[in-house]
Ligand SMILES: [Zn+2]
């Protein structure tokens, strides 16, 4: 959207860190302090952003993504996995840009419209895919793709387990047993593995899925540094498409 007028940088640049336990360096804090627009996820996912923003009295520069969506505490915080959510964020960023730099309004507007069409094409892909996915069940190692799976009509069949992993606690023995049985008996169409959060139990489940030929979809939680959002989500949709269209 900002094109050649501004530079966009992610604070979490690597997919080799767990964003849930990320803490910013003094360089990160400086980068935030120097920004015209700061986008945070919200919902407690990245409270460190709010702290830095408040310390620098930059609140008017902050776009809290969850607030844009009117989400409330307890809602799934991986909101960027919903393409429609990103459409709303894109609109909010556009509105902010024309305040920050009004003389380039036409430029931002053209970029916004072009990007909005790209996002709409992703939503179309999901709608087409839903014919194959609607009503299916999946396991996830973390409730990462909640919004995408919801858009595809796929139910997460191990919510408890996924929540425990996300909260850094041990899943209960019953939850583990249920999931092991489900994999053995092919009760789900696929397993979504979040590559950014690993543990013994996740490796165990992944191995079990391989052993019993339950297809695995590998997602990252944050944007890979060689991809833009569109290509990232496009690739994620393609992974699911390959499995369900077989
Ligand atoms: Zn997460």
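Every read-out reported here was derived from the displayed coordinates using simple, explicitly stated rules and does not represent laboratory data. Remember, it's a predicted structure, so these values are computed and weren't measured experimentally. Reconstructed Cβ throughout: ideal geometry from the backbone, glycine too, with neighbour counts over all protein chains shown.
Here the gap between residue 13 and residue 181, fully extended at 0.36 nm per residue and compared with their Cα-Cα distance, gives a gain of 56.8 nm. Taking 0.36 nm per residue of separation and subtracting the Cα-Cα distance, full extension of the segment from residue 106 to residue 160 would add 14.7 nm. Counted by neighbouring Cβ atoms within 10 Å, the residues 11, 37 run from fewest to most as 37, 11. Each semi-axis of the equivalent ellipsoid for the chain is √(5λ) with λ an eigenvalue of the Cα gyration tensor; in descending order they amount to 34, 22, 14 Å. Taking the C-alpha atoms only, the angle from helix 83-100 to the longest principal axis of the chain is near 10 degrees. Seen from a random direction on average, the alpha-carbon convex hull of the stretch 19-126 projects onto 7.7 square nanometres. Summarising the label geometry, the points placed 7 Å from Cα in the beta-carbon direction at residue 36 and residue 21 lie 3.8 nm from one another.
Of 96, 84, 124, the residue with the greatest mean-square motion in the GNM of the chain, using alpha carbon springs below 10 Å, is 124.
Adding -39500 (n - 2.57) for every DSSP H run of four residues or longer, then dividing by how many residues the chain holds, sets the calculated 222 nm ellipticity at -15500 deg cm²/dmol.
For the chain, modelled as a GNM whose springs connect Cα atoms under 10 angstrom apart, the maximal fluctuation among 115, 147, 212 occurs at 212. Panel order for 26, 41, by other beta carbons found within 10 Å of each beta carbon, from fewest to most: 26, 41. Between 70, 78, 20, the Gaussian network model of the chain with springs among Cα atoms under 10 angstrom shows the greatest mean-square fluctuation at 70. Angle of helix 173-184 to the longest C-alpha principal axis of the chain, folded into 0 to 90 degrees and rounded to 10: 80°.
Length available on full extension from residue 63 to residue 91: 0.36 nm per residue minus the Cα-Cα distance, which gives 9.0 nm. Normalising the Debye intensity of the stretch 64-200 to I(0), with uniform scatterers on Cα atoms only, and taking log10 at q = 0.10, 0.17 Å⁻¹ returns -0.45, -0.98. Remark: 234, 175 ranked as 234, 175, counting other beta-carbon atoms within 10 Å and listing the fewest first.
Across the chain, the relative contact order, built from alpha-carbon pairs under 8 Å that are at least six residues apart, equals 19 percent.
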